[in-house]
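The values are calculated or read from the model by the stated rules, or taken from the named source; none is laboratory data. Keep in mind that this is a model prediction, so the values were computed, not measured. Virtual Cβ from ideal backbone geometry, glycine too; neighbours counted across all protein chains shown. Please note that ligands, DNA and RNA were not included when accessible areas were found on the heavy atoms of the full protein model with its side chains. Shrake-Rupley method; radii C 1.70, N 1.55, O 1.52, S 1.80 Å.
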Amino acid sequence: MTRFSIFSLAKNAMTGHSKWPEYWRSPEPKPAYDVVIIGGGGHGLATAYYLAKVHKITNVAVIERGWLGGGNTGRNTTICRSNYLYDESAALYDHAMKLWEGLSTELNYNVMFSQRGVMMLAHNIHDMQVTRRTIHANRLNGVDNELLTPEQAKEFCPPLNISKDIRYPVMGAALQRRGGTARHDAVAWGYARGADSMGVDIIQNCEVTGIRVEQGRAVGVETSRGFIKAGRIGCVAAGHSSVVASMAGIQLPLESFPLQALVSEPVKPAFPCVVMSNTIHAYISQSDKGELVIGAGTDQFISYSQRGGMQIIEHTLEAILELFPMFSRMRMLRSWGGIVDVTPDRSPIIGKTPVENFFINCGWGTGGFKATPGSGHVFAHTLATGEPHPINAPFGLERFVNGRLIDEAAAAAVAH
């Protein structure tokens, strides 16, 4: 793998940057692998990277039915934060945040991680109670989060409208200064490049059509390019996890919803941070290209469609424009939808399944992107050892049997 440096950049500038090697190979599938990962999004690629880097397991295949980053990794609003309410969630997401902070150096690839701050607004007394509770819980877990008055919130984010006579008046805000954004597809490319350099096979345009199970044990995957034997199988298929798991005879407690987002025409830097709202179910930031990136809540109805309801976008933009009226004449360029898989307690499932050697990492809802490095790191440990990492141990499938749920529904920034 060619390392990026000032010298390699200068050398390739002399040839018009036409001599750079491809980031990853396009190998034919081998008959057998130690580990097969289903899903070539950020989580799957991160898992493959850490399997090779940390656990020295390099006979690994990542199978993606489309192209890398073509699923939810490329269909989100790129927000990174770790100020979740419960101890288990804070540990998981802050593990990811610490990995984010060194990820560009780790991968020798600029994932454009920007810790510009994530501010979550409170619009009523209940919001303020939840905000204070979350801040206190975060501080006990060593996660930075601070309470702001409306005036302090406006000082941090000048475009914010803090008038008291609007429909959603700002009563306060929680600010995680370590939070921010990263470039979503760069994360997938960086992990793919790193994993490939250590021998991982990344196989695109290869659909998994079945899981072969013999005597309660998964032994391989049927694909559109033939059968592939596997020592262990990790399913990281986001919104289609329940479909893949059903191939192994497993019914997961998941529902899949479209989640929409949209971007505006690009403008000069005008928005310095990320702003989110529980009550409104909307969030906004500005990309490095200058586009306003706006996210909405999930649609109310389950679906595998990547186009959601227009009324969701209308509701979100009405609220955004009330809070940020300076953007009222902006034109929207495009919108898109991703499929999010949602559990009853709005926390992910990471761990074993009733089928031996078949493991799952799913149910991230709207929180998947921010957890990408941490998710891959702990799932790689689970696949390598056969046992969960201490951080993901509380997120096993068995919690829906023993009742030890991690209910983050109220702590998330948008509706699920």
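Tabulated data
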{"item": "Centre separation in Å (Cα based) which lies between segment 152-200 and segment 295-325", "result": "18 Å"}
{"item": "Where labels lie 7 Å past Cα in the beta-carbon direction, separation of GLN204 and THR279 in nm", "result": "4.5 nm"}
{"item": "³J(HN,Hα), Karplus 6.51/-1.76/1.60, whole Hz, each residue of segment 207-217, x for Gly, Pro", "result": "8, 7, 10, x, 10, 8, 10, 10, 6, x, 10"}
{"item": "Cα-centre dipole for segment 1-63 with unit charges at Cβ (Lys and Arg positive, Asp and Glu negative), debye to 20", "result": "240 debye"}
{"item": "Probe 1.4 Å, protein heavy atoms only - accessible area per residue of segment 1-72 in square angstrom", "result": "54 Å²"}
{"item": "Simple Cβ-charge dipole of the chain, Lys/Arg +1 and Asp/Glu -1, about Cα centre, in debye nearest 20", "result": "840 debye"}
{"item": "Kirkwood-Stokes translational diffusion coefficient of segment 47-156, alpha-carbon pairs, 4 °C, 1.567 mPa s, µm²/s", "result": "77 µm²/s"}
{"item": "Amide H contacts under 5 Å for GLY220, placed H, 5+ residues apart", "result": "ARG212, ALA230"}
{"item": "Principal-axis tilt of helix 87-101 within the chain, Cα atoms, nearest 10 degrees", "result": "80 degrees"}
{"item": "Mean ellipticity per residue at 222 nm, deg cm²/dmol - from DSSP H runs of n ≥ 4 across the chain, formula -39500 (n - 2.57)", "result": "-8500 deg cm²/dmol"}
{"item": "Gaussian network model of the chain, Cα within-10 Å springs - most flexible of ARG346, ARG329, ARG232", "result": "ARG329"}
{"item": "Entries in LYS19/LYS289; LYS229/LYS352; LYS53/LYS352; LYS11/LYS56; LYS30/LYS56 that, when Cα-Cα distance is taken, lie over 24 Å", "result": "LYS19/LYS289; LYS11/LYS56"}
{"item": "Extension reserve of the ASP165-SER224 stretch, reckoned as 0.36 nm per residue once the Cα distance is removed", "result": "15.4 nm"}
{"item": "Cα lying deepest toward the dipole's positive end in segment 255-317, options GLN286, PRO269, ILE312, charges on Cβ", "result": "PRO269"}
{"item": "Measure of compaction for segment 350-394 (Cα Rg per 2.2 N^0.38 Å)", "result": "1.10"}
{"item": "Accessible area (Å², per residue) of segment 257-416, counting only protein heavy atoms and a probe of 1.4 Å", "result": "39 Å²"}
{"item": "Extension gain, GLU22 back to PHE400 (0.36 nm per residue minus Cα-Cα distance, nm)", "result": "131.7 nm"}
{"item": "Karplus-derived HN-Hα couplings along segment 322-338 (A = 6.51, B = -1.76, C = 1.60, θ = phi - 60°), whole Hz, x at Gly and Pro", "result": "6, 7, 9, x, 5, 9, 5, 9, 6, 9, 7, 8, 7, 10, 7, x, x"}
{"item": "For segment 383-389, Karplus couplings with θ = phi - 60° (6.51, -1.76, 1.60), whole Hz, Gly/Pro x", "result": "5, 6, 9, x, 10, x, 5"}
{"item": "Hull volume in cubic angstrom per residue (convex hull over the Cα atoms of segment 221-312)", "result": "184 Å³"}
{"item": "Cα-based radius of gyration of the chain once divided by 2.2 N^0.38 Å, which approximates compact folds", "result": "0.98"}
{"item": "Charge sum, other residues only, whose C-beta stays under 13 Å from GLY39's C-beta, Lys/Arg counted +1 and Asp/Glu -1", "result": "-2"}
{"item": "Additional length obtainable on full extension of the chain from ASN108 to ILE302, 0.36 nm per residue less Cα span", "result": "65.9 nm"}
{"item": "In segment 1-105, the GluC sites (Glu not before Pro) that fall in loop regions by DSSP, at most 10 other Cβ within 10 Å", "result": "GLU22"}
{"item": "Surrounding net charge for GLU408, when Lys and Arg each add one and Asp and Glu each subtract one, Cβ distance under 12 Å", "result": "-3"}
{"item": "Share of carbon and sulfur in the accessible heavy-atom surface of the chain [1.4 Å probe, %]", "result": "54 percent"}
